[in-house]
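Following: one structure in structure tokens, then a few remarks.
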Amino acid sequence: MKKIVTRFAPSPTGTLHIGGVRTALFNYVYAKQNDGLFLIRIEDTDKERSSKEFEKNILDNLSSIGLNPDKKPINQSERNEIYIKASKQLIESGKAYWCDCSPETLDEMRKEQIASGKKPMYDGRSRNLGLEQSEKTVLRLATPEDGDIVVNDIIRGEIIFKNSELDDLILLRSDGSPTYHLCNVVDDFEQGVTSVIRGEDHISNTPRQIHIQNALGYPQLEYAHLPLVLGTDKKRLSKRHAATSLEEYREEGYLDSAIINTLARLGWSKGDNEIFYLDDLIKDFNIKEVQKAGAIFDITKLDWANSQHLANLSLDEFKSHLRPFLLKNDIDIENHRYVDLLINAMRSSDNTLKGIAKSLEPYYKNIKSYDNRAIDKFLSDNNILIDIKELLLNLEDWDVDSIDRILKTYQTDNNLPVPKVNQPIRIALTGSTKSPSLGFTLCILGKDLSIKRIEELINFIGS
Ligand code: GLU
């Protein structure tokens, strides 16, 4: 059997989009599970919209998320000669011809076709004129007028296109530059690609590209068109719904493995399994099981996957992922007496590393502000804070058990529910009502700092 070769062929007109990461991922996984090759091709023929900066962003992000190509990526902008050579072959074999129709002629043609109820398309009028190349001519493919193109899409099944509905595609522009479809087809052949896995928006390009392949005598490719990635309102995912670039998710503190996990589930599932790492995908993914219907990207699923992937890290791994997020807030993770105890207690305090870093701030820095809603809810007066401060001041053994004991005794003696006593102290210690068990929090902050913070809140409420 032929070695499977897949490719991801981004146009560098923006940063790497999460929909693009999914396309790259499925190409990567399909290649790896078939002992094949995964390649990257930069489709940068549109000079106006392409940039080296976006290209770098795409390549760096793919590589850092672990989707490394098996060969050096190629750039279409550097391969003009190859496309010109292919176009010559088409001219020589009579499968392409020069056309000098002016924009006005084409416009008139369209109008007439629309007026007579026909589909507007180029009518092939220059096909048999035997024109030579000039600065006014474009090269067109002589597309078969009858018959069908049948695409056997792995995901979508058989799709039939009528040749009569496809016009003679432009291969070279009047300035002699090759068009997108020609480059795409020639490169798939030159790169030895066997399998095209790409977004559903490319389906209508497929019969056109197959015509070029046929005219050049290239072997057939297999196709899998992936369902669109949609927002929760079922419209195509855009910045309106959520961040769309991979970088933004990383900056929020989602693990690469959780992003991969969530993207793999966009249009694919395996029973009730929810958690997949890249290695699992290589074992379990089946391109034939990808659904046709649009796949909804729901951030709450990413949040959940992230919490699971974070929980699966060892403490050391977790710390090394968290470190940069704390550093952004000028916090050195090691700069705490009980760092490991603290991080262990706080590692599930939020779904993202950024959120966890934020909840850790009170353990490293002074409290900058209090959660006002929590204050309104739990601190109509200072009395409890004042009582507890006194009790804590007199406590000699500063350990979790002793602290818990005096808190408990105070609650029972005064017949108070737990939150009435604990939440005001939490607010004093951390600024909010979020913290691990209160005894632990007091213990880890130490006696002096705990009392100082309770005093600060007493003064704040008093003022
Ligand atoms: N360059 C195209 C894009 O970015 C992909 C073309 C293809 O995969 O065939 O959408």
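Observations, loosely collected:
- A residue that is in contact with a helix residue (DSSP H, G or I) (Cβ under 7 Å, 6 or more places away or on another chain), within 24 Å of PRO69 (Cα to Cα) and within 15 Å of the ligand (Cβ to nearest atom) can be found somewhere in segment 229-238.
- SER64 meets each of the listed conditions (1) among the hydroxyl-bearing types (Ser, Thr, Tyr); (2) touching a Pro at 6+ places or on another chain (Cβ under 6 Å); (3) at pLDDT below 95 apart from (2).
- ILE40 being within 13 Å of the ligand (Cβ to nearest atom), among the β-branched types (Val, Ile, Thr) and out of contact with any Phe, Trp or Tyr (no Cβ under 8 Å at 6 or more places or on another chain): no
- Of everything in segment 356-393 that is without any contact (Cβ under 8 Å) to a residue 24 or more places away in the chain and not in a helix (DSSP H, G or I), the residue that is farthest from ASP332 (Cα to Cα) is SER380.
- Within the set ASP298, ASP316, ASP303, ASP340, the sole residue that is of a type in the set (D, E, K, R), exposed (fewer than 14 other Cβ atoms within 10 Å of the Cβ) and touching a residue at least 24 places away in the same chain (Cβ under 8 Å) turns out to be ASP340.
- Count of residues meeting criterion [small (Gly, Ala, Ser) and surrounded by 15 or more Cβ atoms within 10 Å (Cβ to Cβ)] in segment 365-401: 1
- Top-ranked residue in segment 41-64 [being more than 21 Å from ASP279 (Cβ to Cβ) and in contact with a helix residue (DSSP H, G or I) (Cβ under 7 Å, 6 or more places away or on another chain); ranked as surrounded by the fewest Cβ atoms within 10 Å (Cβ to Cβ)]: GLU43
- Selection over segment 184-194 of residues that are under 24 Å from GLY267 (Cα atoms) and away from the ligand (no atom under 11 Å from the Cβ) gives a count of 1.
- Within segment 1-14, the residues that satisfy the criterion of being within 13 Å of the ligand (Cβ to nearest atom) and assigned to a loop (DSSP other than H, G, I, E, B) are ALA9, PRO10, SER11, PRO12, THR13, GLY14.
- Number of the condition not met by ILE203 [criteria: (1) among the aliphatic types (A, V, I, L, M); (2) surrounded by fewer than 18 Cβ atoms within 10 Å (Cβ to Cβ); (3) within 14 Å of the ligand (Cβ to nearest atom); (4) part of a strand (DSSP E or B)]: (4)
- Qualifying positions in segment 200-222 - touching a helix residue (DSSP H, G or I) at 6+ places or on another chain (Cβ under 6 Å) and not hydrophobic (A, V, I, L, M, F, W, C): ARG208, GLN209, GLN213, TYR218
- Test: residue in segment 246-253 that is more than 16 Å from the ligand (Cβ to nearest atom), touching a residue at least 60 places away in the same chain (Cβ under 8 Å), under 26 Å from TYR277 (Cα atoms) and not in a helix (DSSP H, G or I): yes
- Test result for SER257, among the polar types (S, T, N, Q) and under 30 Å from THR179 (Cβ atoms): no
The values are calculated or read from the model by the stated rules, or taken from the named source; none is laboratory data. Since the structure is predicted, the reported quantities are computational estimates derived from the model, not experimental observations. A quick note on method: Cβ atoms are made from the backbone with ideal geometry, for glycine too, and the neighbour counts reach across all protein chains shown.
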